[in-house]
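Since the structure comes first, as structure tokens, the remarks are kept for the end.
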Amino acid sequence: PADPTKYRRILLKVSGEVLMGEQGYGIDMKTVDTVAAAIKRAVESGVQMCLVIGGGNIFRGLSKAAGDMDRATADHMGMLATVMNALAMQAALEKIGVQTRVQSALTMNAVAEPYIRRRALRHLEKGRVVIFAAGVGAPFFTTDSGAALRAAEMGCDALLKGTSVDGVYTADPKKDASATRYERLTYQDVLAKDLRVMDASAIAMMRDAGIPIVVFSIRGEGSLRRVLNGEGPFTVIS
Ligand code: UDP
């Protein structure tokens with residue numbers, strides 16, 4: 001549905017950068033706690049929540065590839081970074097009483113459940129948060145693609161992309177003061193204008209599955225709740 005107040009099941013993608021808070025690197029547990037509290041309120045309002053967390057705060061494959069490492073190896077390290085973030089988020093959620101399961105696309109049975117679609121659906125039906133770690137489990141992809149894939153597999157009503165900017169702008173608002181935010185865009189607009197919201201494969205997958213993408217800032221109190229109440233600021237891609 002186009003109306004966020006009607007969402008029954010959503011996938012929230014949180015980029016790694018958000019989790020580092022004001023630090024330049026790594027995991028800031030205070031920020032993780034803030035995001036976890038927002039997720040708890042969403043779960044309590046009855047929304048089934050899937051989560052995908054990026055890894056850019058720890059390791060991004062592309063930035064290390066081509067130097068001393070081949071791309072696939074660097075990407076494997078990036079995927080492991082997303083598992084660390086997932087465990088941090090699980091710890092923060094369970095500390096405040098939100099039952100959470102981590103399912104990893106790379107099997108590591110001692111650490112997380114393997115990704116099993118039907119099992120994930122069962123967790124969601126029981127009101128548990130499911131964190132999908134390690135993206136799609138293959139190099140040359142990103143966690144945006146992982147988020148799109150899982151949103152489609154889980155039959156989510158929307159993919160919420162929580163970033164540090166409150167939507168998609170005509171230019172980088174941090175560099176260009178005249179940049180304005182788009183209220184609505186089509187998938188085709190994003191692809192044709194090459195707006196760097198998510199990678200093209202993720203956009204195309206959401207277009208084919210007919211799942212809207214809502215880009216919003218997850219920084220600040222109450223931002224997730226506002227989006228779920230249909231209140232901006234955000235950009236909807238549909
Ligand atoms: N990655 C990958 N395959 C995936 C998901 C992630 O190879 O399916 C690697 C890739 O190296 C990527 C890193 O994991 O740079 C961290 O993910 P991402 O850059 O998407 O994190 P974010 O930008 O959301 O913090």
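Between Asn57, Asn85, Asn109, find the one with the highest GNM mean-square fluctuation for the chain; connect C-alpha pairs within less than 10 Å.
Its mean-square fluctuation being the largest, the pick is Asn109.
Can you list residues whose amide H is under 5 Å from Leu185's amide H, if they're 5+ apart or on another chain and H is modeled 1.01 Å from N?
Result for Leu185 returns Val236, Ile237, Ser238.
Enumerate the whole-percent occupancy of each 10 Å bin, from 0 to the last occupied one, for all C-alpha pair distances of the chain.
8, 34, 40, 16, 2, 0
For the chain, modelled as a GNM with alpha-carbon contacts under 10 angstrom, which of Gly222, Gly97, Gly137 fluctuates the most?
Gly97
Quick one: which residues, 5+ away or cross-chain, put their amide H under 5 Å from the amide H of Val102? H built at 1.01 Å from N.
Residues meeting the criterion, in which the H sits 1.01 Å from N, are Glu113, Ile131.
As a quick test, which of the pairs Lys40/Lys161; Lys6/Lys30; Lys95/Lys161; Lys6/Lys161; Lys30/Lys64; Lys6/Lys174 have an alpha carbon distance above 22 angstrom in this structure?
Lys6/Lys30; Lys95/Lys161; Lys30/Lys64; Lys6/Lys174
Using R₀ = 22 Å, calculate the FRET efficiency as 1/(1 + (r/R₀)^6) where r is the Cβ-Cβ separation of Arg118 and Ala37; round to 0.05.
Using R0 = 22 Å, I get an efficiency of 0.15.
Figure the gain on full extension for Ser45 and Lys175 (residue separation times 0.36 nm, minus the Cα-Cα span) and round it to one decimal in nm.
Taking 0.36 nm per residue and subtracting the Cα distance, the gain is 43.1 nm.
For Arg184 and Asp208, FRET efficiency with R0 = 25 Å and r from the beta-carbon atoms, rounded to 0.05?
0.85
Out of all DSSP beta bridges in the chain, what portion is antiparallel? Express it as a percent rounded to 5.
DSSP beta bridges in the chain are roughly 10 percent antiparallel.
Pick from Met77, Met198, Met69: which is most flexible by mean-square fluctuation in a GNM of the chain where alpha carbon atoms under 10 Å apart are linked?
Maximum among the listed residues: Met69.
May I ask you to derive the relative contact order of the chain, considering only C-alpha pairs under 8 Å and at least 6 residues apart, and to give it as an integer percent?
23 percent.
Read-outs: derived from the displayed coordinates by stated rules, not from any lab. In this text, all values refer to a predicted model and were calculated from it rather than measured experimentally. All Cβ positions, even for glycine, are placed from backbone atoms using ideal geometry, and neighbour counts span all protein chains on display.
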